[in-house]
1. Evaluate the distance, in nm, between pseudo-label points positioned 7 Å from the Cα of PHE89 and of LEU18 along their respective Cα→Cβ axes.
2. Once the Cβ-Cβ distance between GLU273 and SER78 is put in as r, and R0 is 56 Å, what FRET efficiency do you end up with, to the nearest 0.05?
3. Based on the Cβ-Cβ distance of SER331 and SER176, what FRET efficiency does E = 1/(1 + (r/R0)^6) give at R0 = 30 Å, to the nearest 0.05?
4. Just to be sure I understand the model, the point goes 7 Å from the Cα along the line to the Cβ. What's the resulting SER201 to ILE71 distance in nm?
5. In the full protein assembly as shown, how much of ASP88 is accessible to a 1.4 Å probe, in Å² to the nearest 10?
6. Please report the accessible area of ARG265 (heavy atoms, 1.4 Å probe, ligands and nucleic acids excluded) in Å², nearest 10.
7. Once you've got the Cα coordinates, tell me which of LYS180/LYS322; LYS180/LYS340; LYS180/LYS226 are over 25 Å apart.
8. Which cross-chain or sequence-distant (5 or more) residues have an amide H under 5 Å from the amide H of GLY285, H modelled 1.01 Å from N in plane?
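The values are calculated or read from the model by the stated rules, or taken from the named source; none is laboratory data. Keep in mind that this is a model prediction, so the values were computed, not measured. All Cβ positions, even for glycine, are placed from backbone atoms using ideal geometry, and neighbour counts span all protein chains on display. With ligands, DNA and RNA removed, areas are computed over all heavy atoms of the protein, side chains included. Shrake-Rupley method; radii C 1.70, N 1.55, O 1.52, S 1.80 Å.
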Amino acid sequence: MLYLFGISILASVLTVGLIYLAAASAYSNEYLDLPPILSEALRQLGLLATFIIACLCFFFMYFYIFSRSAIRYLLRISQGIEQIAGGDFDTRLPVQGNDELGGLAENINRMTVQLKLSIEEERRAERTKVELVTNVNHDLRTPLTSIVGYLRLIEADRYRDEVELRHFAQIAYEKSIRLKTMIDDLFEYTRTSGGLILHPSPINLVEMVGQLAAQFRLQFEQAGMKCCLALPEHSIIIDADGDKLVRVFENLIANAIQYGKDGRRIDIEVKSEGVQAVVEVANYGEPLPAAIIPLLFQRFYRGEQSRSRNTGGSGLGLAIAKNIVELHHGSISAASNEGKTSFVVKIPLASSNEDNANEGSLLQPR
């Protein structure tokens, strides 16, 4: 617009200057007379005032001529903004040229894209909140209803003998433990989803996994399962929050015990691949359908869609594990075939470990 403004001023001054020269030439020529309107203007206003007024008139004329396309473009931008204000966030303004209006249209398009993404994210968050409340309401109500029911029977003395009283109390106790576990899991999930602050330190992953396997020895014996460890002789060092990472492997081992009893065996392998440490936990129970593999890490998802006591935990364990692994800049995945179901966790190696791995690869014989 500044460019058009300057061009219009220049053109008006040149035009009036040429007219002035022509008028001066005509005035000095005794055979030519000035037009009556020009003669009267010069006599009434004087030369300077007439020049200024003529410049202004020509300026507005030239500015209108030169700016017609810019005005039409500005109207198109205005119409596009009205459509965006009406909720049509798919509207895109045409970007013409590299002037101020083109830059304005480009910035509005960029703002529209960001606004659309923000609104979609807000809607997803709202849907997530509704789903979370619905699932939590369902999962917490079930054990709570049982607790209240059995305690009401005890309070009303509706039991035959002390044995039945103890039975009712035991059921209420087990349901309360399950309720506490679900609340703890829900709290942990919200913490890990909201940007949990980690306290990383160098950790020997081989030693950690070995100790965890030893801690689960009783559970393996009770389930009639054998744990086969495949640990390297050298250390694999990662920078991680040990307390949080332990939760990941505890969950994977507990799931392998629960859902892999038919296979009677669990394999746990620790190794390094390039600049990553890899931990694989595999069981040989009933395979998972391929369709549910991508859903395993969603909150409240269970491979068995039953909500009965025998299905296990809150449905948040793998979602919590995924959040913790991603906070460590790693990844977790699952795979299942006819004979094996495995979960693989990959965590970046510590910098010193990466240097050693690179040195080893350079020193390998060709």
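1. Output for this residue pair reads 5.4 nm.
2. Calculated transfer efficiency: 0.45.
3. Plugging the Cβ-Cβ distance into 1/(1 + (r/R0)^6) gives 0.25.
4. Those two pseudo-labels are separated by 7.4 nm.
5. Around 70 Å² of this residue is reachable by solvent.
6. 90 Å²
7. Those over the limit are LYS180/LYS340; LYS180/LYS226.
8. GLY263, THR341
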